[in-house]
Amino acid sequence: MGRKRYVARGVPGGYRIWDDKNRRWWGDLYELCPDDLLDELNGARGYDRITALLKRYRAMKR
């Protein structure tokens, strides 16, 4: 089984997604751990589903 490309890492103020292949942060700062977003990024990578999850997490910040 291969390693996951995207992982959530705890940072001051919440969580950020780390792209292990490109060695940089991906996306925004999240207050709650975005487990379903990580599952989609590491799994099926459906563009529509990722977009919907990003919109949902951004709406939770407001």
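The values are calculated or read from the model by the stated rules, or taken from the named source; none is laboratory data. Keep in mind it's a predicted model, so treat the numbers as computed, not measured. A quick note on method: Cβ atoms are made from the backbone with ideal geometry, for glycine too, and the neighbour counts reach across all protein chains shown. Surface accessibility is based on the protein's heavy atoms, side chains included, excluding ligands, DNA and RNA. Shrake-Rupley method; radii C 1.70, N 1.55, O 1.52, S 1.80 Å.
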What is the percent of Cα-Cα separations in the chain that go past 15 Å? 49
Rounded to the nearest whole Å², what accessible area per residue is found for the chain with the 1.4 Å probe? 74
If you average the alpha carbon positions of the range 38-61 and of the range 6-24, how far apart do those two centres end up, in angstrom? 15
Which lysines have a Cα lying under 16 Å from the Cα of K4, excluding residues fewer than 8 positions away in the same chain? K21
To the nearest 500 deg cm²/dmol, what mean residue ellipticity at 222 nm is calculated for the chain from DSSP H runs of n ≥ 4 alone, each contributing -39,500 (n - 2.57), summed and divided by the residues? -11500 deg cm²/dmol
Considering only D48, D28, D36, give the residue with the highest GNM mean-square fluctuation for the chain, with springs between Cα atoms whenever their separation is below 10 Å. D48
Using a 1.4 Å probe and ignoring any ligands, DNA or RNA, find the accessible area of E31 and quote it in Å² to the nearest 10. 130
Mind putting a number on the dipole of the chain about its Cα centre? Charges go on the C-beta only, +1 for Lys and Arg and -1 for Asp and Glu, and I need it in Debye to the nearest 20. 220
Please report, as a whole percent, how much of the solvent-accessible surface of the chain comes from carbon and sulfur atoms (probe radius 1.4 Å). 49
